[in-house]
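Shown next, in structure tokens, is the structure this report addresses.
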Amino acid sequence: MSVPLSGLLLCLGVCRKGLVIFLLVLLLLGSAHATLVGVDAYRTREPEPVDQGPRVCQESSGGDNRCPGG
């Protein structure tokens, strides 16, 4: 995106209206594409893992066993 931006600034300096419009369109299209790619990456990211507690059986002082899932 730096190439269309630098070209746009250069063309503004030398007053080339056709190239200014062309490079402005390229800059807008590049920005829109980058935004869509960013939104897509945000939507498809993996959810954060949820802590499910202890995963091993623990014997309590009363003689009970606490086992995951049962």
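Derivation of every value follows stated rules applied to the coordinates shown; laboratory data play no part. In this text the structure is predicted, and so the values were computed from the model without any measurement. Here the Cβ positions follow ideal geometry from the backbone for every residue, glycine too, while neighbour counts run over all protein chains shown.
Sparse packing (at most 13 other Cβ atoms within 10 Å of the Cβ) combined with a DSSP loop state is found for the following trypsin sites (Lys or Arg not before Pro) in the range 1-48: Arg45. Sorted into 10 angstrom bins from 0, the C-alpha pair distances of the range 1-41 split as 33, 42, 18, 6 percent.
With R₀ set to 35 Å, the beta-carbon distance separating Val25 from Glu48 gives a calculated FRET efficiency near 0.30.
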